[in-house]
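What follows draws every value from the coordinates through simple rules; no lab data is involved. Note that this is a predicted model, so its numbers are computed, not measured. So basically every Cβ, Gly included, is an ideal-geometry build from the backbone, and we count neighbours across all protein chains shown.
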Protein chains: 2
Amino acid sequence: MFSITPTARLRTTPFLEMARKEGLTNAMVYNRMVLPTFYGNPEEEYWRLINGVSMWDVSVERQVQVTGKDAAKLAQILSPRDLSKCKPGQGKYVPLCNHQGTVINDPILLKHDEDRFWFSIADSDIWSWASAIAAERGLDVKIEEPDVSPLAVQGPKAVEVIADIFGDWVRDLKYFWFKELELEGIPVALQRSGWSKQGGFEIYLKDGSQGEKLWNIVKEAGAPYDIGPGSPATPERTESGLVSVGGDTDAHTNPFEVRLGQYVDLDVPDDTVGIQALRKIAEEGPKRHQLGLKLEGDQPAPLGLAWEDLTSDGQKVGDMTNCTWSYRLQQNIGYALISREVQAGEKVMVQRPGGEVRAELVEMPFI
Amino acid sequence: MFSITPTARLRTTPFLEMARKEGLTNAMVYNRMVLPTFYGNPEEEYWRLINGVSMWDVSVERQVQVTGKDAAKLAQILSPRDLSKCKPGQGKYVPLCNHQGTVINDPILLKHDEDRFWFSIADSDIWSWASAIAAERGLDVKIEEPDVSPLAVQGPKAVEVIADIFGDWVRDLKYFWFKELELEGIPVALQRSGWSKQGGFEIYLKDGSQGEKLWNIVKEAGAPYDIGPGSPATPERTESGLVSVGGDTDAHTNPFEVRLGQYVDLDVPDDTVGIQALRKIAEEGPKRHQLGLKLEGDQPAPLGLAWEDLTSDGQKVGDMTNCTWSYRLQQNIGYALISREVQAGEKVMVQRPGGEVRAELVEMPFI
């Protein structure tokens, strides 16, 4: 496209120099920070995630740390999901909504203790959001961005690498549960998690000055399993049906429309942000739903850079919110955010910049 | 550095194709959108701004539009500057602060009418900030991002270009005042403003589909004055002493520390966000202040990519928040955010990645 000028406004990561040494060629910007993406061979990097083990600099998954007397209270106020049974050391996937019930982020909430939580966020400013609500409600909390940068280890062989580093106990760690510990003097939190469906862990580095050391420990432990660099892979996450908030959602998308209704508990306290709106939407029923799209054609199509109209008999019925070549299906696939009157099994036309393309609506995940 | 992968997460602008045709080589990301920066010759682009006229795609200056019965009330609640005398058609520079009195953005507020305002923002998410406060206080407003993208015309000859396009009345337009009008069928707002001290205007395009047409009108009208493409120029803004919120400020910087105290009115209503904290800071006196730095050496130094420590007798006394080569002073200059115990005229050491450099503290602006 063009080069991005380095500025103080675009933050680097503790692992970036190591990523560069691995041959980093491309990056994205996410939470005002560099997200390393490709290392010269996107297809090879994809298959490494599917069949082996891959290590990702996902420092951009920043932490919104909430501490203080009212930390648990604020965590529940921000979360339309019941946290009353959440235990220290447990994580929960939570779609955060605004007062209108629109999804604004979908962090993993990590409960360290009653008075200390992390929201491990997607790409939007939750620090000022949470600070505004806390201050307006007069809560006794401190909201900060701590020096924490996750390194993800993903793929079917990830558990072997992590067990070799941390010990066999990690095999029993439940999904989203985590443990804070030291690794050769490096303070980390280890969690079973990661933005793929291939299994894996995230090592939250709690000292940015030790990025090189942690990277090398993982790289060496992974060598017997042919570990290599990678990144959250659009083809894999699309095949797996993972939602990208801010990509697959817009300023008017509620959780019920994008298969996140299962993470909303309508009986959370009445002072939870957005719950009144969410109850109303649930009662009336959402107007759109999210389905998969299988596009006709057997050649990789250009990436969608914006939502593209979906039409039926010349009328707009929804939007295609993402599109990618599936290496496993050998087909272009994507997501539809579409009127509930249109169902899986039906066909629609995608109004692509290069001309319209026929597509079949399917249930997700694709694989 | 490396290429940025185009994704749905990085928004393009209505002028971007035109910028590319002009030979765009570099860009920044700002408000999740592409900010075109260089066109192959940064020094030539700098001198064009200083001596002639330059056109900039500053679509990234997004508008937070507040409409509705309580719009004026919310505008004042968010602004620690007295808006009671602000008239329709008038703009005001406003440092927005959080409840702790920290500067979080510094938009130009455009008052269209009592029930319609735009905050033309710097690089941070004011939509969700404003939405949170409005909803928590139960105000009757709608907060949106309208289809509005500014094109700046800057430099001493900008007024000639704008007068040739819009008529001689623009010569009498006062600073930050604006007018909504049509230009050959293109809906725009024309304002005397822009992020330089070289004079100029911003044309707020109100229909993203007409970017190419507007770009060409300005380019043709500017041809007799040798107009060319450019961007907000770090050397010029630094020489001129303009503050870059989010660059020169951090999560703990109040307006009094960065020469923005003149835009704070301590007698705004008590329900204004942050005013209690700002009154306290004003009474106690801020602990830091912002001064200019003239670095020793006569060769352009590497750009600062993060804040760098300022020391005196080996003790940290502040931070250098930006650094650039001044073409007019033929010297590296920057800003210090430094203890008030250290004054202009004194010397400090800048702890640069390549070794320490001596610098003199001076009052701003440099020129």
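For the stretch B:183-300, what does the alpha-carbon gyration tensor say about shape, rounded, prolate or oblate, given a ≥ b ≥ c as the root eigenvalues, a/c under 1.5 as rounded, and a/b over b/c as prolate?
Working: a/c = 3.42, a/b = 1.55, b/c = 2.21.
Taking the square roots of the gyration eigenvalues as a ≥ b ≥ c, the stretch B:183-300 is oblate.
Just B:ASN26, B:ASN41, B:ASN105 to compare: in a GNM of chain B, with alpha carbon springs under 10 Å, which one fluctuates most? In this elastic network of chain B, the residue with the biggest mean-square fluctuation among B:ASN26, B:ASN41, B:ASN105 is B:ASN41. Only Lys, Arg, Asp and Glu carry charge here, each on its Cβ (+1 for the first two, -1 for the last two); on that basis the protein assembly as shown has a dipole of about 320 debye about its Cα centre.
How would the stretch A:145-202 be classified by its alpha-carbon gyration tensor: rounded, prolate or oblate, with rounded meaning a/c under 1.5 and the a/b versus b/c comparison settling the rest?
On the way: a/c = 1.74, a/b = 1.24, b/c = 1.40.
Here the stretch A:145-202 falls in the oblate category.
Rounded to two decimals, the Cα-based Rg/Rh of the protein assembly as shown, with Kirkwood Rh, is 0.95. The simple spin-label model puts a point 7 Å past each Cα toward its Cβ; for A:GLU346 and B:SER312 those points are separated by 7.2 nm.
Once the Cα gyration tensor of the stretch B:70-144 is diagonalised, what are the square roots of 5 times its eigenvalues, in whole Å and ordered largest first, as equivalent ellipsoid semi-axes?
Values: eigenvalues 58, 46, 25 Å².
Over the Cα atoms of the stretch B:70-144, the semi-axes work out to 17, 15, 11 Å.
Which stretch or stretches of the stretch A:31-60 have amide N atoms under 16 Å from the point lying 7 Å from A:ILE367's Cα along the Cα→Cβ direction? Only A:42-54 pass the distance filter. If you build the convex hull over the alpha carbons only and average its shadow over all orientations, what do you get for the stretch B:287-367? Give it in nm² to one decimal. Computing the convex hull of the Cα atoms and averaging its projections yields 4.9 nm².
From least to most packed, judged by other beta carbons within 10 angstrom and beginning with the fewest, A:ARG116, A:ARG171 follow the order A:ARG171, A:ARG116. For the stretch A:235-247, 3J(HN,Hα) computed residue by residue from phi via the Karplus equation (6.51, -1.76, 1.60; θ = phi - 60°) reads x, 5, 5, 6, 3, 7, x, 6, 8, 10, 5, x, x Hz, glycine and proline entered as x. Based on the reciprocal of the average 1/r between different C-alpha atoms, the Kirkwood radius for the stretch A:103-143 equals 11.1 Å. Which residues does a label at B:LYS219 reach in the stretch B:11-35, if reach means a backbone N under 20 Å from a point 7 Å past the Cα toward the Cβ? Counting only backbone N, you get B:12-28, B:34-35.
Starting from the stretch A:57-113, pick out the trypsin sites (Lys or Arg not before Pro) whose DSSP state is loop and whose Cβ has at most 16 other Cβ atoms within 10 Å. Present the calculation step by step, with values, prior to reporting the outcome.
Values: sites: A:ARG62, A:LYS69, A:LYS73, A:ARG81, A:LYS85, A:LYS92, A:LYS111; in loops: A:ARG62, A:LYS69, A:ARG81, A:LYS85.
Answer in residue order: A:LYS69, A:LYS85.
Distances between equivalent label points of A:TYR175 across the copies, with each point positioned 7 Å along Cα→Cβ, amount to 5.9 nm, shortest listed first.
Restricting the calculation to Cα atoms, chain B yields a radius of gyration followed by a Dmax of 20.8, 64 Å. Distance between Cα centroids, the stretch B:117-144 to the stretch A:54-87: provide it in whole Å. Centre-to-centre distance over Cα atoms comes out at 24 Å.
Counting other Cβ atoms within 10 Å as a rough exposure proxy, the listed residues B:THR102, A:THR311 run A:THR311, B:THR102 from fewest neighbours to most.
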